[in-house]
Structure formats: C-alpha cells, structure tokens
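We did not get these values from a lab; they are worked out from the coordinates using the rules stated. Every value quoted in this text rests on a predicted model; they were computed, and no experiment measured them. Here the Cβ positions follow ideal geometry from the backbone for every residue, glycine too, while neighbour counts run over all protein chains shown.
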Amino acid sequence: MAIDKIQAESMNLADTYAFTGTVSGTPQGLVLLQSQDADNSATTLTVGSSSLLSSTYKLYMITGSSIVMGSDDTNLSIRYYVSGNLKSDNYYRYCRVHMNSGNASVQGFAGGTNSTIPKIGGGIGTSAGENMGFTAYIYDPANTSRYTVTQVNGSGQDNSRNHQMQFITGSYTADTGAITGIQFLTSTGNIASGRFNLYGVANA
C-alpha cells in the first residue's frame, strides 16, 4: 500500500483532528505528569509518587508559581520520600546562595546535618502582592546506586517587600533508595495558594 506523506504546510493546526491507533516517535521537551494547587489546608504539599518519579526520565522538573503563605515571614523547604518513607532526620546536606534587594551583599550558607534542604523561599511575606516561585530539578531519582541531587532556583518577595533570590543544591545522604516524592513544607502556617507542576524532561 502506498504511503502518503503529509506536508506540514498543508495542515491547519487550528482544526480538530481525531487519531486512532498508535502514534510513535521520540518525545521532545517537557512532559507534564502532575499538577496540583495548594488550598490553605496544610503546612506541607507533596509532589510525585513512586509511579511518577520512576526510571522513565533521568531528569524531573518541578515548578511552583504564585505561591502565597498563610503566615507572614515564612520559610519554604524540601524533604524527600525515600522508598516511600518521609526522611526528616539530619542527613540533608546543602549549599545555598542568597541575595536580597534590601542588602547588596551575596550571602552563602551550607549545612551537613540538616533536617531539610532549607529556604528555597525565605521570610516570605503575606502582604498584598507578595509571593514566590521556583524551579527545581531532581536528577535521576529512581537510581539506587547514588544519592539523588536536587537543585532549586527560587525568587519572590520577603515580608519587607524586598525581592529575594535563592539558589540551593542539596541531597539526602543516609540512604540511596529511590526518591518517591518531594515534600514542600513551611516553617509555620499553611501553604495558602500556588500551583505545583511536575514534569519529566524527555531525552535528558
């Protein structure tokens, strides 16, 4: 049977198309796996699961947008679920660089016995307009032969409306088990609102 090749310029992408059968090919770019909104009901929000953070992708990305805290001057941090178990003991190691529009100096912090990867957002304010956002990269979370590394870029306003920048990288170094979830937690109060999206990065 002859195969007809469809030219790209002959297709109107504004139309609706119904496909049957299997569409094959190599996916490119980001694949949205999960999307959820904070609703001021809890101090934590967990992204991912053992089925979502799998060996399908070597790199995962989590974005947080328009995140508002329920309490003023609040920090937002990260913990791992390792093989289904939340890790809150002091085996997180991290490095963090922080800048603030109210202070021109670059501040560096590091820790080797911490219970979180801390302050992806620090001192977040709750006055009108104050919020934060972040992009987090989780490297090869299903690999059980090495510690999983997380890198986060965060920005937003503190409780004095100064703009802040956070760059953090960290890992949990007591267990090489698969990372099956990422918990975001506040230092006080609930996560009032915000959108959290999990993506698989194809061909990373």
- Which ³J(HN,Hα) values, rounded to whole Hz and listed in residue order, are derived for the stretch 107-118 from phi using the Karplus coefficients 6.51, -1.76 and 1.60 in 6.51 cos²θ - 1.76 cosθ + 1.60 with θ = phi - 60°, glycine and proline given as x? 10, x, 9, 8, x, x, 9, 10, 8, 8, 8, x
- Item | Pairs of Cα atoms farther than 27 Å apart, the stretch 31-201, % | 20 percent
- Karplus-derived HN-Hα couplings along the stretch 120-132 (A = 6.51, B = -1.76, C = 1.60, θ = phi - 60°), whole Hz, x at Gly and Pro: 5, x, x, x, 5, x, 10, 5, 3, x, 6, 6, 9
- Note on the structure: The extension gain from ASP89 to LEU32, computed as 0.36 nm times the residue separation minus the Cα-Cα distance, is 17.4 nm
- Provide VAL201, VAL106, VAL47 in ascending order of the number of other Cβ atoms located within 10 Å of each residue's Cβ, fewest first. VAL106, VAL201, VAL47
- Query: Across the stretch 185-194, in residue order, what do the Karplus-derived ³J(HN,Hα) couplings come to in whole Hz, using 6.51 cos²θ - 1.76 cosθ + 1.60 with θ = phi - 60° and x for Gly and Pro?
  - Reply: 9, 9, 7, 6, x, 8, 7, 5, 7, x
- Loop-located trypsin sites (Lys or Arg not before Pro) in the stretch 79-184, at most 14 other Cβ atoms within 10 Å (DSSP): ARG146, ARG161
- the stretch 45-130: projected area of the alpha-carbon convex hull, averaged over directions, in nm²: 7.4 nm²
- Item | Residue order, fewest to most surrounding Cβ atoms within 10 angstrom, among MET165, MET61 | MET165, MET61
- If amide H atoms are built 1.01 Å from N in the plane of the peptide, which residues on other chains or at least 5 residues away come under 5 Å of the amide H of MET69? ALA192
- Dipole of the chain [Lys/Arg +1, Asp/Glu -1 at C-beta], most positive-end residue of THR169, ALA136, SER187: THR169
- Task: Take the alpha-carbon centre of the stretch 36-112, take the same for the stretch 135-204, and report the distance between them in whole Å.
- Result: 4 Å
